[in-house]
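One structure is given here, and the rest of the page talks about it.
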Amino acid sequence: MSVGLFGGAFDPPHRGHVELARRAKEEFELDRLLVLVAAQPGHKAVATPAGVRLELARAAFPDDDVVLDDHARTIDLLRDHPEWRDAIFLVGADEFCDFLSWKEPDEVLGHVELGVATRPGFARERLQTVLDRLERPERVHFFEIPPTPVASRELRDTFVAEDVPSAVAEIIHRDRLYAR
């Protein structure tokens, strides 16, 4: 059984996240996608409580397993879940460019492979710089997604309903979340 892991703050989840998941399921022929909502991300501050972000992620990924991840760092999650060994951990190209700053990045690659979503026009040399410094670059796989010019950070400041799945927009409107 092929398993994909897609972690993030999802504050809020947007159509770029959904497209990355959709394409990864196709590209890697995933039998199961586990969406991991970081309760307290170790790499960024969040504006919305974990329970709310979990509800939003469940609305954005209705066909996938969506759970709360209490680990601040990916390697700690992977050590606690040996059953996910050799799963494909999904990240965007921008996140991959910061991969060397993660806690024990080479150890992460000892547990899982990385599926890195790129988009047209993303500078390949930025990705290559990271690959060149990894002990196991063969465990990194790139796949392309269409450009989706949206970021959670921008949505928190200026909410645009078209940038999120409709079920997510409904919750945001209902609970008066983010700037509108």
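Taken together, the values in this text are just the output of simple stated rules run on the coordinates, not laboratory data. Everything quoted here is computed from the prediction, not taken from an experiment. Cβ atoms come from the backbone with ideal geometry, glycine included; neighbour counts cover every protein chain shown.
Taking amide hydrogens as modeled 1.01 Å from N in the peptide plane, which residues meet the under 5 Å criterion relative to T118, leaving out close sequence neighbours?
Under 5 Å from the amide H of T118: F143, E144, I145.
Over segment 27-162, what relative contact order in percent results from Cα pairs under 8 Å that are six or more residues apart?
19 percent
How much length would be gained if the chain were fully extended between E138 and H43, taking 0.36 nm per residue of separation minus their Cα-Cα distance, in nm to one decimal?
My answer for the length gained is 31.7 nm.
Divide by every residue of the chain the summed helix terms, -39500 (n - 2.57) for each DSSP H run of at least 4, and state the resulting mean residue ellipticity at 222 nm, rounded to the nearest 500 deg cm²/dmol.
About -10000 deg cm²/dmol.
Using the reciprocal of the averaged 1/r over all distinct C-alpha pairs, how large is the Kirkwood radius of segment 1-100 in Å?
Over segment 1-100, the inverse of the mean reciprocal pair distance is 13.7 Å.
Please give the net charge around P165, taking every other residue with its beta carbon less than 12 angstrom from that of P165, where Lys and Arg add +1 and Asp and Glu add -1.
-2
Select from F142, A167, A123 the residue farthest towards the positive end of the dipole of segment 120-180; place +1 on Cβ of Lys and Arg, -1 on Cβ of Asp and Glu, and compute about the Cα centre.
Working it through, the farthest residue towards the positive pole turns out to be A167.
Select from segment 1-40 those GluC sites (Glu not before Pro) which occupy a DSSP coil region and have at most 11 other Cβ atoms within 10 Å, ordered by residue number.
Sites meeting the loop and neighbour criteria: E29.
Please give me, ordered by residue number, the trypsin sites (Lys or Arg not before Pro) of segment 5-93 that lie in loop per DSSP and have at most 15 other Cβ atoms within 10 Å.
For trypsin sites (Lys or Arg not before Pro) across segment 5-93 that sit outside H, G, I, E and B with at most 15 neighbouring Cβ atoms in 10 Å, the list reads K44, R85.
Efficiency by 1/(1 + (r/R0)^6): what FRET value for R176 and D63, r their Cβ-Cβ distance, R0 = 30 Å, to the nearest 0.05?
0.65
Quick one: what Rg and Dmax do you get for the chain from the alpha carbons, in Å?
Reported Rg and Dmax, both Å: 15.7, 47.
Please find, in a Gaussian network model of the chain (springs between Cα atoms separated by less than 10 Å), the residue of H17, H111, H141 whose mean-square fluctuation is greatest.
Looking only at H17, H111, H141, the largest GNM fluctuation is found for H141.
With a cut-off of at most 15 other beta carbons within 10 Å, and DSSP calling the residue loop, which GluC sites (Glu not before Pro) in segment 68-172 qualify? Please list them.
The qualifying sites are E135.
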